[in-house]
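Shown next, in structure tokens, is the structure this report addresses.
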Amino acid sequence: MAVEELQSIIKRCQILEEQDFKEEDFGLFQLAGQRCIEEGHTDQLLEIIQNEKNKVIIKNMGWNLVGPVVRCLLCKDKEDSKRKVYFLIFDLLVKLCNPKELLLGLLELIEEPSGKQISQSILLLLQPLQTVIQKLHNKAYSIGLALSTLWNQLSLLPVPYSKEQIQMDDYGLCQCCKALIEFTKPFVEEVIDNKENSLENEKLKDELLKFCFKSLKCPLLTAQFLEQSEEGGNDPFRYFASEIIGFLSAIGHPFPKMIFNHGRKKRTWNYLEFEEEEDKQLADSMASLAYLVFVQGIHIDQLPMVLSPLYLLQFNMGHIEVFLQRTEESVISKGLELLENSLLRIEDNSLLYQYLEIKSFLTVPQGLVKVMTLCPIETLRKKSLAMLQLYINKLDSQGKYTLFRCLLNTSNHSGVEAFIIQNIKNQIDMSLKRTRNNKWFTGPQLISLLDLVLFLPEGAETDLLQNSDRIMASLNLLRYLVIKDNENDNQTGLWTELGNIENNFLKPLHIGLNMSKAHYEAEIKNSQEAQKSKDLCSITVGGEEIPNMPPEMQLKVLHSALFTFDLIESVLARVEELIEIKTKSTSEENTGIK
């Protein structure tokens with residue numbers, strides 16, 4: 001019945017001129033053709049499409065059948081013989097139908113699926129889509145529309161993370177990336193072959209450039225790369241990245257020129273509309289490109305060999321900042337790798353303090369602090385700590401001094417502040433061991449820095465448990481200074497400032513310890529009484545109320561807090577003992593001299 005209906009519509013349309021086809025004819029043709037597919041009359045439908053007499057009708061109306069045919073091809077339960085016929089029908093429709101209508105139809109079919117069907121649809125339709133676009137005159141617009149649609153769909157797919165996930169490729173992203181390169185190549189070659197630089201060719205270049213930048217962001221910004229020793233040339237993302245960077249050079253935008261001019265007011269590559277509109281996207285893409293070149297070594301042989309390590313570090317710091325602002329594990333990891341790669345090229349103590357006047361040279365260490373304190377992944381926290389230490393090691397003395405002041409003022413984290421204080425102690429130690437003192441870690445400059453270290457933020461009311469790391473580091477530094485610097489030498493300036501240190505740090509610390517110990521001893525007493533009555537109650541630890549904790553657990557937490565206070569108190573007592581011994585000894589020496 002469906003076949004007869006379709007033949008009846010075709011017979012009526014055969015006697016009409018192309019321009020005389022009515023909207024009603026299109027609708028009837030689509031319905032009848034769809035019914036033929038649904039009822040399994042595929043052989044008869046294939047004959048109708050192959051019939052030379054129906055060529056004009058199929059050209060104008062056949063694109064309506066592409067959707068139903070493609071949906072049948074995407075169904076896995078079709079038998080092989082049927083699938084073969086569907087492929088023949090599909091190939092004929094692509095060959096015969098109006099390319100403009102086909103383009104829109106195919107793009108709609110690419111946009112339809114979700115989940116794992118996205119890649120199945122793309123892999124099926126890329127080759128036909130390429131064929132259709134090559135028939136069109138307004139190629140730049142068509143390729144731009146197609147690449148944008150494809151990228152939007154691919155960006156919905158999860159990026160495989162581990163080696164096993166990449167090999168399994170459950171969602172087909174790796175296959176799609178490879179197929180997308182093959183899809184794009186003819187259009188890149190067309191740009192290369194066209195020597196006239198016509199307006200249409202320039203537009204095509206721009207669409208390809210946009211696609212390359214989008215690809216650098218997704219999937220390449222988050223994609224993990226296999227170790228080169230284990231990939232054996234089979235890393236799909238390395239292949240994709242290499243081809244994308246190759247496309248950039250091929251269409252007249254070699255990556256060295258682009259990445260070294262990104263962010264400058266005057267660029268040597270100056271046409272890219274979305275740079276103004278989507279600056280954040282471009283920043284992500286350029287950071288991804290820097291990682292691919294400098295860490296993965298993709299096309300690194302194209303870089304000029306004369307570039308100094310300091311220049312490369314300055315260039316990469318902005319990109320590292322972009323990476324560290326993200327929250328994805330793989331992206332943060334890339335920022336840390338790029339930073340390590342850039343820093344290892346530089347000698348210790350050679351990074352001049354003036355570089356800290358460049359915004360990214362301060363925001364990157366602050367970004368490292370955020371990863372160290374907020375990232376839930378331990379390996380990244382440890383790596384960030386190691387990178388912050390490496391960064392500190394590369395700075396000159398004034399640079400270290402400036403960075404220490406900045407981080408002490410901005411980190412708001414006791415552990416980070418303790419880490420900085422330990423670094424200050426190391427710098428003082430190196431300075432005291434030299435024949436010529438380092439002015440930044442002795443005398444007035446050091447005293448100014450110690451003002452940020454040897455004090456309690458809220459005086460005696462400071463939460464000592466929450467600030468215990470910082471306080472212990474500060475006491476250890478003070479103990480070191482008292483032992484190493486004699487009052488008569490006073491190289492560090494400590495003995496001149498001792499009165500202020502006692503008033504601003506040691507005395508408030510004594511008061512705070514007495515208050516804190518009294519509070520926690522009272523809490524222990526309450527907890528012990530609750531334990532007898534077997535009630536659940538809440539306690540306050542480090543300014544945080546911990547509700548409904550079993551009494552045994554409460555006691556452990558409270559005794560741990562008391563142990564911390566005892567530890568602080570013992571170091572404080574030792575510091576005060578050393579001060580007394582040193583001042584007494586100096587006094588006796590001075591008396592003896594007189």
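Measuring with a 1.4 angstrom probe and ignoring ligands and nucleic acids, S285 comes out at about 0 Å² accessible. Built from the Cα atoms of segment 57-109, the convex hull projects on average onto 3.4 nm², one quarter of its surface area. In this label model, T373 and E200 are separated by 5.9 nm, measuring between points 7 Å along each Cα→Cβ vector.
Kirkwood-type hydrodynamic radius, segment 98-230: 15.6 Å, calculated from all non-identical alpha-carbon pairs. When only alpha carbons are used to place a centre, segment 50-64 and segment 465-494 end up 90 Å from one another.
Short version: what are the Cα gyration tensor semi-axes of segment 32-72, square root of 5 times each eigenvalue, largest first, in whole Å? Spell out each step's value before the answer.
Numbers: eigenvalues 57, 30, 10 Å².
With the √(5λ) rule applied to segment 32-72, the semi-axes are 17, 12, 7 Å.
In the frame of its principal axes, segment 399-489 has Cα extents of 41, 27, 18 Å, reported largest first.
Hey, got a sec? Which GluC sites (Glu not before Pro) in segment 145-234 land in a DSSP loop and have at most 14 other Cβ atoms within 10 Å?
Listed in order of number, the matching sites are E196, E227.
For the pair segment 292-359 and segment 437-454, the centres of their Cα atoms are 31 angstrom apart.
Would you work out the Kirkwood radius for segment 484-526? I mean one over the mean of 1/r across all pairs of different Cα atoms, in Å.
Values: mean 1/r = 0.0797 Å⁻¹.
Answer for segment 484-526: a Kirkwood hydrodynamic radius of 12.6 Å.
Once backbone amide H atoms are built at 1.01 Å from N, L395 has N349, L351 as its partners under 5 Å, excluding neighbours fewer than 5 places away on the same chain.
The values are calculated or read from the model by the stated rules, or taken from the named source; none is laboratory data. Just so we're clear, the structure is a prediction, and the values are computed from it rather than from any experiment. FYI the Cβ positions are ideal-geometry reconstructions off the backbone, even for glycines, and counts take in every protein chain you see. For accessibility, only protein heavy atoms count, side chains too; no ligands or nucleic acids. Shrake-Rupley method; radii C 1.70, N 1.55, O 1.52, S 1.80 Å.
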